[in-house]
Amino acid sequence: MRAAFASRFDDADPLAALTVGERPEPTPPADDWVTVQLRATSLNHHDLWSLRGVGLTEAQLPMILGCDAVGLDPEGRPVVVYPVVVTPNDPRGVSILSEHFSGTLAERVAVPRSNLIPLPDGMAATDAACLPTAWLTAWRMLTTKGRVADADSVLVQGAGGGVATAAVALAVAMGKRVYATSRDAVKRDRISALGAIAVEPGARLPERVDVVIETVGAATFDHSLKSAAPMARIVVSGATAGHEPSVNLRRVFAMQLEILGTSMGTPGELYELLAFCSDNEVRPVVDSVVPFSRVEDAFARLHSGDAFGKVVIDHTA
Ligand SMILES: NC(=O)c1ccc[n+]([C@@H]2O[C@H](COP(=O)([O-])OP(=O)(O)OC[C@H]3O[C@@H](n4cnc5c(N)ncnc54)[C@H](OP(=O)(O)O)[C@@H]3O)[C@@H](O)[C@H]2O)c1
């Protein structure tokens, strides 16, 4: 079957490490796994990290990339794939598809049957394919970790990214005052259109916020600390611009800040997210939909840094 996979690692030029070509059909490793026929997937920064060699070893190559998926189960029913799989030999106890088990950028993928969630009625496969990784991460950052129900205001750093646009759209739909930073004036205009107050990175906000959504890291972390209200939660799920910021500990203890790390979410949280989007007619921010036959273009778009929202792959086109 046709697949997009990492055939080697290239830290400086991850696109050069991407191969599109034939791979063997998936072989379910246990009786409770099934094969899903893919209909739509979406890219994540995770796929670029994999091509750079972050989280994979040479021994795991070639590795089919892709975490997100919507497809048809063996009975032909449309399903959303929850991408976290129990993995006893990983120190986390789990892994995301494309780490230990083949990913979703292929014609078919094998997953545990218990990872399949019915696609909500009325939701397009290309929209639902955005939800299981970036949107699930943003949902858990806001709800379980950020306790946004107790918050009036939220700051989202690096507003153009998949997690960041999800956090803005969800927090606005929850009725919060949302501030969002972006280096790019066009992205600031687009994030304003989603209902956020867009500002330049590092700008002083009119108020200190209760929850900060951090995926940028070193470039924005000091601003996140300075923008946080007493008892605020700074929730971190990524570090695109560096993972070793300097942290003013005086501010952390004096303002009684909570810095919380998180990764992905639970199956229950994915059910909640799907229901929230369905009930409130919230749909993901989609940068572009690219046919699977041009998957290399989708990677180039993500790598360019110009994308606003999710880059989606249509496997039916
Ligand atoms: N832990 C998890 O479960 C999980 C899940 C999904 C993603 N992640 C991580 O979260 C991060 C975000 O991923 P993503 O796919 O949403 O988006 P992304 O493509 O990594 O982009 C995030 C945003 O970061 C900002 N940014 C990048 N470099 C910057 C710099 N040098 N200075 C200031 N801002 C910068 C950009 O914002 P502007 O251009 O708007 O300024 C960009 O839109 C990644 O590191 C990813 O690995 C983690």
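None of the figures in this text is laboratory data; all of them are computed from the coordinates on show. Just so it is clear, the model here is predicted, and its values are computed rather than measured. Neighbour counts are summed over all protein chains in view; Cβ atoms, including those assigned to glycine, are modelled from backbone coordinates with ideal geometry.
Quick look at the values:
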| item | result |
| --- | --- |
| All positions within segment 38-78 that are surrounded by 24 or more Cβ atoms within 10 Å (Cβ to Cβ) and among the β-branched types (Val, Ile, Thr) | 41, 70 |
| Odd one out for residue 195 among (1) among the small types (Gly, Ala, Ser); (2) within 14 Å of the ligand (Cβ to nearest atom); (3) touching a helix residue (DSSP H, G or I) at 6+ places or on another chain (Cβ under 7 Å) | (2) |
| Checklist (1) charged (D, E, K, R); (2) near the ligand (Cβ under 8 Å from one of its atoms); (3) more than 20 Å from residue 222 (Cβ to Cβ) applied to residue 183, failing item | (3) |
| Counted residues, segment 45-91 - those being touching a residue at least 60 places away in the same chain (Cβ under 8 Å) and out of contact with any strand residue (DSSP E or B) (no Cβ under 8 Å at 6 or more places or on another chain) | 3 |
| Near pairs, Cβ below 7 angstrom, 6+ apart or cross-chain, from segment 143-167 (assigned to a helix (DSSP H, G or I)) to any residue that is within 8 Å of the ligand (Cβ to nearest atom) and among the β-branched types (Val, Ile, Thr) | 145/262; 163/137; 163/215; 164/215 |
| Filter pass, residue 70 being in contact with a Lys or Arg (Cβ under 8 Å, 6 or more places away or on another chain), more than 12 Å from the ligand (Cβ to nearest atom), closer than 22 Å to residue 291 by Cβ and of a type in the set (A, V, I, L, M) | yes |
| Checklist (1) farther than 17 Å from residue 46 by Cα; (2) surrounded by 24 or more Cβ atoms within 10 Å (Cβ to Cβ) applied to residue 88, failing item | (2) |
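Every residue, every condition in (1) out of contact with any strand residue (DSSP E or B) (no Cβ under 6 Å at 6 or more places or on another chain); (2) within 13 Å of the ligand (Cβ to nearest atom); (3) not polar (S, T, N, Q), yes or no:
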site	(1), (2), (3)
272	yes, no, yes
279	yes, no, yes
292	no, no, yes
297	no, no, yes
301	no, yes, yes
314	no, no, yes
